[in-house]
Amino acid sequence: MSRILIVEDEAIIRSALKRLLERHDYQVSEAGSVAEAEALDPQRFDLVISDLRLPGEAGTALIERAAPTPVLIMTSYASMRSAVDALKQGAVDYIAKPFDHDELLDTVAKTLAQHRHEAPREVSATSTTIPQAMIGNCPAMQAVYTRIRKTAPADVTVLIQGESGTGKELVARAIHHQSQRARAPLICVNCAAIPETLIESELFGHEKGAFTGASAARTGLVEAADGGTLFLDEIGELPLDAQARLLRVLQEGEIRKIGSVETRHVNIRLIAATHRDLHALSKSGEFRLDLYYRLNVMQIDLPPLREREDDILELADVLLASACRRHAREGLKLSRSARREIRDYPWPGNVRELENALERGVILAEGHLIHPDDLGLSPQAALRPMTPPTPPPRSAAGAQDDTISEEDLSLEDYFQHFVLEHQDQMSETELAQKLGISRKCLWERRQRLGIPRKKSARSRAS
Ligand SMILES: Nc1ncnc2c1ncn2[C@@H]1O[C@H](COP(=O)(O)OP(=O)(O)OP(=O)(O)O)[C@@H](O)[C@H]1O
């Protein structure tokens, strides 16, 4: 049984984490500070999970003191930058708060497995073993797994294509974990979620005073991935200037911070993902053709869920089990009609939409069975051609506001209709501007509502 030490000053989070890990057969000890952790001798544990911000010393102090025990850092999204710094100081990975239980358990299991076997796993290019965390074994997915096996050890740039929610990030993670870089950082960046004005500085870093508000120098995420893998999701959303800088990184292995004349050598493997047709974008001048060719050394295409008929119910069962665990409702089952509905629904938002529907089902089910109504699917809506309703009036304050009220469902309906109707003619930036929200907010809301980004997803359903 693996022994884990949790270092967290918030007693509620600490004990929730302890309970979760104990339910999965880990032996867990707790500490509220670095000093308390040291008293327990962190080196005798198999893993330390430490909050970044602790009273007294920061959690990163344990990285050296616990060695060779690996340290996983917990952080809130707001301190992501410090998490990247922690990786550079030797933390094996970071977990963002609030936790997704499955992701946390997955990261813990992977870290323990990696540190049990010092050398990276041997990867057979012909094996069709399903990568950890990926469910489904239909012929199209078997082809994907084979591609992952063959591509992972080759250290080439990979372009992953597929509709929103098909599992592109999971594929990127599988490639990283099966590559020779597995023990180095994997930095995942969603280009659509970072405001256009910040993206270059986020990726490439900046010098102090490089622009208004740059009060201190910053290391970019590309540099943070040095030695490891950089995953750029939604690369089609990268502005042209950032594309030029990225091309330089790929061609010369060099990076230059904004406002600096110095270049630094970086060694990264780039994995990019998109739901858009980059070749078509390059014809319309929105994407650099030379960058497209650089990215497209190896391509992996993920099938939409509606084309994975053999996998849908298996995915539903596994995702349901984990939703039940998360909500402490073990034993809930899908009724026969719910299974039928799941099998027949077109899933325009793919696996993410299925996950969301099952989570809704677990929360809403009253007895031991989840019925179709609990899933909240709307096949009629999916089949109906979308016409955007008249936009509701926005107050001046509303135009500044990044959030649509949770209670105001009509606004969410409006959002969904508007996005589905206009997304093929507009970039994400234009869409966000028209809606009066940031690109990050647009992206988050798409995730929450399970709204796909491709016209083909909608027209297939119609
Ligand atoms: N084959 C799979 N097995 C299990 N879970 C999956 C699978 N594919 C996707 N998922 C789950 O679906 C959700 C969406 O996956 P992921 O974020 O990798 O998709 P994506 O294609 O990168 O989406 P987007 O383009 O919107 O970022 C995640 O919670 C992921 O764990």
Here D for segment 1-105, in µm²/s, from Stokes-Einstein with a Kirkwood Rh over Cα pairs at 10 °C and 1.306 mPa s, works out to 119 µm²/s
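Pairs K88/K257; K110/K168; K257/K434: which are spaced more than 21 Å apart, C-alpha to C-alpha?
Details: K88/K257 18 Å; K110/K168 19 Å; K257/K434 32 Å.
Long pairs (Cα-Cα over 21 Å): K257/K434.
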Nearest-0.05 FRET efficiency for A11 and M298 at R0 = 51 Å, using Cβ-Cβ distance, is 0.60
Once Lys and Arg are counted +1 and Asp and Glu -1 for all other residues with Cβ under 13 Å from that of A272, the total becomes +1
Excluding ligands, DNA and RNA, the carbon-plus-sulfur percentage of the accessible area of segment 305-383 with a 1.4 Å probe reads 49 percent
At the level of C-alpha centres, the distance separating segment 175-209 and segment 286-308, in angstrom, is 19 Å
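Let me check I've understood the local charge: for E254, count other residues with C-beta under 9 angstrom from its C-beta, Lys and Arg +1, Asp and Glu -1. What total comes out?
On the way: positive: R248, R256, R264; negative: E252.
Net charge in that neighbourhood comes out at +2.
Give, as a single signed number, the net charge of other residues whose beta carbon lies under 14 Å from the beta carbon of E22, with Lys and Arg counted +1 and Asp and Glu -1. List each step's numbers first, then the result.
Working: positive: R3, R14, K18, R19, R23, R325; negative: D25, E30.
Counting the neighbours of E22, the net charge comes to +4.
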Here the gain from full extension of Q43 to A244, 0.36 nm per residue of separation minus their alpha-carbon distance, amounts to 67.8 nm
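How fast does segment 139-301 diffuse by Stokes-Einstein, in µm²/s, taking the Kirkwood radius from C-alpha pairs at 10 °C and 1.306 mPa s? Walk me through the numbers on the way to the answer.
Details: Rh = 16.1 Å.
Estimated via Stokes-Einstein, D reaches 99 µm²/s.
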In Å³ per residue, the alpha-carbon convex hull of segment 169-261 encloses 101 Å³
A chain fully extended from A154 to T429 at 0.36 nm per residue, minus the present Cα-Cα distance, gains in nm 95.5 nm
Along segment 418-432, Karplus-curve 3J(HN,Hα) (6.51, -1.76, 1.60; θ = phi - 60°) to the nearest Hz, with x for Gly and Pro, reads 4, 5, 4, 6, 9, 5, 7, 9, 10, 6, 4, 5, 5, 4, 4
Distance in nm between R343 and L289 label points, each 7 Å along Cα→Cβ, equals 4.9 nm
For segment 213-360, dividing by residue count, accessible area per residue (probe 1.4 Å) in Å² works out to 43 Å²
Carbon and sulfur atoms account, in whole percent of the 1.4 Å probe accessible area of segment 3-116, for 49 percent
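Where Rh is the Kirkwood radius over the Cα pairs of segment 305-383, the temperature 4 °C and the viscosity 1.567 mPa s, what D in µm²/s does Stokes-Einstein return? Could you put the intermediate results ahead of the total?
On the way: Rh = 12.3 Å.
The diffusion coefficient I find is 105 µm²/s.
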By the mean-Cβ-within-10 Å protection proxy, highest first, 156-169, 355-368 rank as 156-169, 355-368
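The values are calculated or read from the model by the stated rules, or taken from the named source; none is laboratory data. Since the model is a prediction, treat every value here as computed from it, not as a measurement. When we count neighbours, we look across all protein chains shown, and the Cβ atoms used for this are built from the backbone with ideal geometry, even at glycine. The area values use the complete protein model at the heavy-atom level, side chains included, leaving out ligands, DNA and RNA. Shrake-Rupley method; radii C 1.70, N 1.55, O 1.52, S 1.80 Å.
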